Amino acid sequence: MYSSIFMNILHQPLISVVTVSYNAVSTIEETICSVINQTYSNIEYIIIDGGSTDGTVDIIKKYADKIAYWVSEPDKGIYDAMNKGIDVATGEWINFMNSGDTFCNNVLSEIFVAEKSADILYGDAMLKYSWGDIVVAPEQLDKLTYMMPFCHQATFVRAFLLKKHPFDLCFKIAADFHFFYTMYQKDVKFEYLPLCIARYEGETGLSALNYKTLYKEFAVIVGKDKVKGWPLNYTMFCGKHYFRQFIKKFIPFPILKMHRQKRLLQNPLIKKSFLKEDKSF
């Protein structure tokens, strides 16, 4: 009995969980509690705040005794803040659970019950919508050649990889894809974990400008901007996006909401759904 307990302790690597926040007074506490209430004991919790002025810092101070390191200062954007977290992290693994995101239950204790041979772990994610939650499995890993098949909240990366390859600040919203794409091209070993790891908001979509930026950055990363025909594909993408935005102005919101819900629930990657009663339809 004692030998098995001792072996479990040996298999508990230090996990650095990094939370990035900025003026997140309404969401930061839920994230903090999700991390500090994990039953897994070997956690180094780091919070990098971008100089919030809305009361976020007061909430961070409330839990300061459970946080290994925190700072509140201006940064150059989310990836600069994430890089600051990487710099101070001392764990073997790093996870980014940013403000508003939470772990699914006590998932850390389920993941790190034994040594891992892979260098990047990824799993399922729960997306939060006003009409309910859905648990979605990641896409096939080989899709990393042109898209992000999983969400970064549901990943754990060996710290040495992130310290050697920090997020490229040239990318405003696709630096995480750039990192994972680069690791995939370098044949770093990935491992899929059939567990719901993270829960995050599914309805706060990117703006039209960010969609354009995201598509352009993905194209730059995978080299499609050098492929003949890419400008036409990009133009068609933007045209479809703006056409959809135009049409939405003439369709009642409840109908749009119902259509989006139906389309999402038809996704073959959905493992579970937890629907709320919605009388608005």
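Okay, here's what the table says:
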quantity: Any chance Y2 is farther than 30 Å from H178 by Cβ, among the aromatic types (F, W, Y) and at pLDDT below 95; calculated: yes
quantity: Of all residues making up the stretch 98-117, the number that are surrounded by fewer than 18 Cβ atoms within 10 Å (Cβ to Cβ) and of a type in the set (A, V, I, L, M, F, W, C); calculated: 2
quantity: Total residues in the stretch 145-172, condition among the hydrophobic types (A, V, I, L, M, F, W, C), in a loop (DSSP other than H, G, I, E, B) and surrounded by fewer than 17 Cβ atoms within 10 Å (Cβ to Cβ); calculated: 3
quantity: Out of I134, I120, sole residue that is modelled with pLDDT of 95 or more, in contact with a Lys or Arg (Cβ under 8 Å, 6 or more places away or on another chain) and crowded, with 17+ Cβ neighbours inside 10 Å; calculated: I120
quantity: Residue within the stretch 44-55 that is crowded, with 16+ Cβ neighbours inside 10 Å, within 30 Å of A114 (Cα to Cα), out of contact with any Ser or Thr (no Cβ under 8 Å at 6 or more places or on another chain) and touching a residue at least 24 places away in the same chain (Cβ under 8 Å) present; calculated: no
quantity: Residues within the stretch 174-189 that are in contact with an Asp or Glu (Cβ under 9 Å, 6 or more places away or on another chain) and surrounded by 20 or more Cβ atoms within 10 Å (Cβ to Cβ), tallied; calculated: 6
quantity: Test for Y22: is it more than 23 Å from I111 (Cβ to Cβ), buried (at least 18 other Cβ atoms within 10 Å of the Cβ) and either hydroxyl-bearing (S, T, Y) or touching a residue at least 24 places away in the same chain (Cβ under 8 Å) (or both); calculated: yes
quantity: Filter result for N95 (surrounded by fewer than 18 Cβ atoms within 10 Å (Cβ to Cβ), touching a residue at least 60 places away in the same chain (Cβ under 8 Å) and out of contact with any Asp or Glu (no Cβ under 7 Å at 6 or more places or on another chain)); calculated: no
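The values are calculated or read from the model by the stated rules, or taken from the named source; none is laboratory data. Model, not experiment: these values are computed from the prediction. Neighbour counts run over all protein chains shown; Cβ positions are idealised from the backbone, glycine included.
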